[in-house]
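Report on the structure given below.
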Amino acid sequence: MNITGKYLKVWEVKEENGFKKVNLGDSRKNKDGEYDNWTWFDCTLVSSAKEVEIQKGDTIEIKNGLIAKRKYKDKYYDDVVLFDIEVMKKGTEAPKQEAPKEAQPDDLPF
């Protein structure tokens, strides 16, 4: 089935077996104003999508992709393959904090 979608949040980007894979957050607003949230795990980027520079925290639009069901050991899994994506908003990863420096005897105020 062909898929498109806007405003998917990139939760993780990783290289696996020569492919770029991403975990994407998605949501839907219910009639009561609450949101249902879920994550699409291990979406594979191919074709022009694999050339797009994305990082954790970005918001993307899926321009062209496929979703299919796969059966493995009597369970069904979703396979998501993205052919074309666009970064709508660059995210900002929180800067890594350095470990606190231990006080040296010369640094003590007394």
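Annotations for the structure displayed:
- Scanning segment 71-101 for residues that are at pLDDT 55 or above, surrounded by fewer than 10 Cβ atoms within 10 Å (Cβ to Cβ) and not hydroxyl-bearing (S, T, Y), we see that the one that is nearest to A49 (Cα to Cα) is E93.
- Residue list for segment 27-45, restricted to those being surrounded by 15 or more Cβ atoms within 10 Å (Cβ to Cβ) and among the hydrophobic types (A, V, I, L, M, F, W, C): W40, C43, L45
- Residue check, L8 of a type in the set (A, V, I, L, M), touching a strand residue (DSSP E or B) at 6+ places or on another chain (Cβ under 7 Å), surrounded by 14 or more Cβ atoms within 10 Å (Cβ to Cβ) and at pLDDT 95 or above: no
- Of the residues A49, A68, the single one that is surrounded by 15 or more Cβ atoms within 10 Å (Cβ to Cβ), more than 13 Å from the chain's Cα centre (by Cα) and hydrophobic (A, V, I, L, M, F, W, C) is A49.
- Those residues of segment 1-43 which are of a type in the set (S, T, Y) and within 15 Å of E86 (Cα to Cα), in sequence order: T4, Y7
- Qualifying residue in segment 31-52 (condition: free of Cβ contacts under 8 Å to residues at least 40 places away in the same chain, out of contact with any strand residue (DSSP E or B) (no Cβ under 7 Å at 6 or more places or on another chain) and in a helix (DSSP H, G or I)): yes
- When segment 12-26 is filtered for residues that are surrounded by 13 or more Cβ atoms within 10 Å (Cβ to Cβ) and of a type outside the set (D, E), the ones remaining, listed by number, are V13, F19, K20, K21, V22, N23, L24, G25.
The values are calculated or read from the model by the stated rules, or taken from the named source; none is laboratory data. These numbers were taken from a predicted model, which means no experiment stands behind them. No Cβ is skipped: glycine too gets one built from the backbone with ideal geometry, and neighbour counts run over all protein chains shown.
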